[in-house]
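Undergrad: Below: one structure in structure tokens.
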Amino acid sequence: MRSPSTTRLPFHQPKNATRGGPIFAGRETAAQLSTVLPARPMIQLEGVTKIYTMGENEVRALNNVDLTIAEGEMVAVMGASGSGKSTMMNILGCLDAPTDGRYRLDGIDVAQRSDNELAEIRNRKIGFVFQSFNLIPRTSAVRNVELPLVYAGVRDRGVRAGRALEQVGLGDRQKHLPNELSGGQQQRVAIARALVTDPAMLLADEPTGNLDSESSLEILRLLVGLNDAGRTVVLITHEEDIAAFAKRVIRLRDGKIVSDQTQHKRMQIAQ
Ligand SMILES: Nc1ncnc2c1ncn2[C@@H]1O[C@H](COP(=O)(O)OP(=O)(O)OP(=O)(O)O)[C@@H](O)[C@H]1O
Ligand SMILES: [Mg+2]
């Protein structure tokens with residue numbers, strides 16, 4: 001019988017082989033390949049179903065959904081009221097678990113995780129932006145932005161929060177309370193808070209729903225800019241005007257994806 005190759009290996013190395021030589025050559029090849037391969041998947045849903053049980057009735061809010069979103073995409077999720085958008089967002093954001101199916105986020109299988117593990121994955125991987133900003137009242141902009149870093153146990157929180165506020169154009173509003181800021185500025189603070197942990201992906205549920213058209217444009221410019229810089233962005237919207245800025249539009253009906261279009265010529269925002 002042949003002995004296992006592992007035990008023979010030391011005796012079969014060519015005399016001139018350097019440690020790791022062939023391995024490095026392999027890595028180089030992989031690195032070179034990665035420049036030509038398509039971006040890696042950020043989100044992979046396979047057969048995802050979400051059923052809400054209300055007494056005797058079952059609502060199939062998501063029905064066997066397959067979806068892959070690659071790193072660096074900007075995707076708008078559209079659909080009528082009750083079509084399953086928020087349900088999908090809650091699952092993508094690890095705020096809720098599917099009843100059935102598989103979900104991989106940035107390569108991690110998140111379907112079968114405990115609540116604590118999900119909280120950690122959320123904090124590390126996802127930045128949330130909500131329609132209603134969800135800032136803590138009577139707390140300065142910079143303190144609001146620091147919050148996810150407190151949960152993550154990061155030290156130089158003030159510096160990082162300040163930098164995130166500068167990134168959204170609010171470097172001079174750090175000490176302002178939410179009620180001392182305009183709606184658009186409050187949403188920008190919320191985006192800074194979503195960005196401060198450097199998440200793999202931004203999830204925004206109707207981020208411009210409470211804003212006038214000028215402030216909406218400001219927020220869109222910011223989201224498009226972040227996407228141009230490589231950040232994956234998924235946003236829910238009711239408005240075609242907003243979806244026009246995404247690279248891809250997914251439409252839901254009765255818990256199913258009924259269309260999935262790539263917008264080769266997405267709308268550009270005038271600077
Ligand atoms: N917690 C829940 N319990 C029971 N049913 C629910 C629950 N959440 C949502 N549903 C049902 O699931 C379906 C999808 O709801 P969802 O909130 O995902 O819709 P939506 O597309 O976000 O709608 P909207 O545009 O109004 O926000 C609806 O029929 C809704 O009534
Ligand atoms: Mg909703």
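The values are calculated or read from the model by the stated rules, or taken from the named source; none is laboratory data. Here the structure is a predicted model, which means the values were calculated and not measured. Here the Cβ positions follow ideal geometry from the backbone for every residue, glycine too, while neighbour counts run over all protein chains shown.
Undergrad: For residues that are under 25 Å from Ser216 (Cβ atoms), under 17 Å from the mean Cα position of the chain (by Cα) and of a type in the set (S, T, N, Q), tally how many sit in region 119-178.
TA: Qualifying residue count, region 119-178: 1.
Undergrad: So, one more: Would you mind stating whether Asp100 is in contact with a Ser or Thr (Cβ under 8 Å, 6 or more places away or on another chain) and either closer than 26 Å to Val150 by Cβ or surrounded by fewer than 20 Cβ atoms within 10 Å (Cβ to Cβ) (or both)?
TA: yes
Undergrad: Here is a follow-up. From the residues in region 82-116 that are touching a strand residue (DSSP E or B) at 6+ places or on another chain (Cβ under 8 Å) and among the aliphatic types (A, V, I, L, M), which one is nearest to ligand 2 (Cβ to nearest atom)?
TA: Checked region 82-116; the qualifying residue nearest to ligand 2 (Cβ to nearest atom) is Met89.
Undergrad: Kindly check whether there is at least one residue in region 209-230 that is within 16 Å of ligand 1 (Cβ to nearest atom) and either among the hydrophobic types (A, V, I, L, M, F, W, C) or at pLDDT below 95 (or both).
TA: yes
Undergrad: So, one more: Checking the structure you have, find out if any residue of region 71-86 is over 23 Å from Gln263 (Cβ atoms) and in a strand (DSSP E or B).
TA: No, every residue in region 71-86 fails to be over 23 Å from Gln263 (Cβ atoms) and in a strand (DSSP E or B).
Undergrad: Being modelled with pLDDT under 90, surrounded by 15 or more Cβ atoms within 10 Å (Cβ to Cβ) and not hydroxyl-bearing (Ser, Thr, Tyr): is that true of Arg266 here?
TA: The answer is yes for Arg266.
Undergrad: Quick one: Phe128 ticks every box in (1) more than 16 Å from ligand 1 (Cβ to nearest atom); (2) in a strand (DSSP E or B); (3) of a type in the set (Phe, Trp, Tyr) bar one, so which box is it?
TA: Phe128 satisfies every listed condition except (1).
Okay, residues lined up against (1) at pLDDT 70 or above; (2) exposed (fewer than 11 other Cβ atoms within 10 Å of the Cβ); (3) over 20 Å from the mean Cα position of the chain (by Cα):
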| residue | (1), (2), (3) |
| --- | --- |
| Glu28 | no, yes, yes |
| Thr35 | no, yes, yes |
| Leu45 | yes, no, no |
| Val48 | yes, no, no |
| Ile51 | yes, no, yes |
| Met54 | yes, yes, yes |
| Arg60 | yes, no, yes |
